[in-house]
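Notes for the one structure printed next.
The values are calculated or read from the model by the stated rules, or taken from the named source; none is laboratory data. Here the structure is a predicted model, which is why all the values come from computation and not from measurement. Cβ sites come from the backbone with ideal geometry, for glycine too, and all protein chains shown count toward neighbours.
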Amino acid sequence: MPIALIIQNTDQRSKDYGNIANTFRPGHADYTYDQKYGFRDYRGGGRSSARETAMRVACGGIAKKYLKESLGIEIKGYLSQLGPITFDNFDWNEVHNNPFFCPDANKVKELEDYMDALRKSGDSIGARVNVVATNMPSGLGEPIFDRLEADIAHGMMSINAVKGIEIGAGFNSITQKGTEHRDAITINGFKSNHAGGTLGGISSGQDVLVSIALKPTSSLRLPIESIDKEGNPIEVITKGRHDPCVGIRATPIAEAMLAMTIMDHVMRHRAQNTGVKSSTPVVPAKA
């Protein structure tokens, strides 16, 4: 039986968006939605609003629970960078002790001060979020169109404001030589994980390592040039409740998308490969 959920939004403020009913916010989906559909719901952005991800998090919670209890797979994420701020220390136990999902307790005050200054300036900033799947089995995925990393990228790039994704070493692979990038295999385990847990579209049994980049919020109190629905030049100032950084709320969303993607592949694998046995011993994730 399908699982059906509904979330009622009891705190909407449609009137906050009245001043942009006939204008387009640069950097937002207003213009592209209007060009595609000939219409857009200006009252909060419709499907382009991050509110849309609330249902993903709810469904992702079910997927996370299934993966952990049935297979031991655990999905965890954290904020790895906010604007220019990076972290010196890492402690999983600190991630849920602050509203940023920051793994470095010593940086929380700096993040709070930075965000306060950003709000006062009326501007916004981007962020980077990392998410990890541990205790992965080998063999999940497909070799071509439904590669595990392709479906992960598809899910992550469907999140509002995400403009980039890395799996494993990602763009650092550009400067790595082959002798550095390849992950040595021993009977006692893999010696590194530059591949990020997938090889040829199929999980290796190593941790799946994903990193996403989120753009700065485009709804700002600072003026910018744009046009109205008739094409006339105007100046846009966006009022209302808008986060100066969507990245501080993105960790549960990234966890949910990774969990649902992996659960989908677990179900496919169970349907297509039940009974398949390899004579090669399973290599541990880490040596």
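Yes/no matrix, rows are residues, columns are (1) touching a strand residue (DSSP E or B) at 6+ places or on another chain (Cβ under 9 Å); (2) touching a residue at least 24 places away in the same chain (Cβ under 8 Å):
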| site | (1), (2) |
| --- | --- |
| 253 | yes, yes |
| 256 | yes, yes |
| 266 | yes, yes |
| 270 | no, no |
| 275 | no, no |
| 281 | no, yes |
Quick one: in the stretch 62-85, which of the residues that are among the small types (Gly, Ala, Ser) and either assigned to a loop (DSSP other than H, G, I, E, B) or in contact with a helix residue (DSSP H, G or I) (Cβ under 7 Å, 6 or more places away or on another chain) (or both) is farthest from residue 208 (Cα to Cα)?
83
Top-ranked residue in the stretch 256-287 [being surrounded by fewer than 17 Cβ atoms within 10 Å (Cβ to Cβ) and among the small types (Gly, Ala, Ser); ranked as farthest from residue 67 (Cα to Cα)]
279
Members of the stretch 173-189 found to be surrounded by 13 or more Cβ atoms within 10 Å (Cβ to Cβ) and small (Gly, Ala, Ser), listed by number:
173, 189
Within the group 186, 261, which residue is among the polar types (S, T, N, Q) and more than 30 Å from residue 101 (Cβ to Cβ)?
186
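Mind telling me which of the residues 248, 237, 224, 253 ends up being β-branched (Val, Ile, Thr), surrounded by fewer than 22 Cβ atoms within 10 Å (Cβ to Cβ) and at pLDDT 90 or above?
Details: 237 fails: at pLDDT 90 or above; 224 fails: at pLDDT 90 or above; 253 fails: surrounded by fewer than 22 Cβ atoms within 10 Å (Cβ to Cβ).
Just one listed residue meets the conditions, 248.
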Members of the stretch 185-204 that are touching a residue at least 40 places away in the same chain (Cβ under 8 Å), farther than 16 Å from residue 147 by Cβ and not polar (S, T, N, Q):
185, 187, 189, 190, 191
I need the full set of residues from the stretch 104-145 which are closer than 28 Å to residue 72 by Cα and either of a type in the set (Lys, Arg) or assigned to a loop (DSSP other than H, G, I, E, B) (or both), in order please.
104, 128, 135, 136, 137, 142, 143, 144, 145
For the stretch 77-97, pairs from a residue that is touching a residue at least 12 places away in the same chain (Cβ under 8 Å) to a residue that is loosely packed, with under 11 Cβ neighbours inside 10 Å, with Cβ under 8 Å and 6 or more apart or across chains, are 78/92
Can residue 192 be described as out of contact with any Lys or Arg (no Cβ under 8 Å at 6 or more places or on another chain), within 30 Å of residue 133 (Cα to Cα) and surrounded by fewer than 17 Cβ atoms within 10 Å (Cβ to Cβ)?
yes
Top-ranked residue in the stretch 146-172 [being among the acidic types (Asp, Glu) and not in a strand (DSSP E or B); ranked as surrounded by the fewest Cβ atoms within 10 Å (Cβ to Cβ)]
146
If we keep just the residues of the stretch 209-240 that are part of a loop (DSSP other than H, G, I, E, B) and touching an Asp or Glu at 6+ places or on another chain (Cβ under 7 Å), which is nearest to residue 129 (Cα to Cα)?
217
If residue 88 meets every condition in (1) surrounded by 15 or more Cβ atoms within 10 Å (Cβ to Cβ); (2) not in a helix (DSSP H, G or I) apart from one, which number is that one?
(1)
Take the residues in the stretch 1-48 that are crowded, with 16+ Cβ neighbours inside 10 Å and among the hydroxyl-bearing types (Ser, Thr, Tyr), then tell me which one is modelled with the lowest pLDDT.
17
Please tell me if residue 142 is of a type outside the set (Ser, Thr, Tyr), surrounded by 13 or more Cβ atoms within 10 Å (Cβ to Cβ) and either at pLDDT below 95 or under 30 Å from residue 276 (Cα atoms) (or both).
yes
Confirm whether residue 145 is more than 20 Å from the chain's Cα centre (by Cα) and under 30 Å from residue 205 (Cβ atoms).
yes
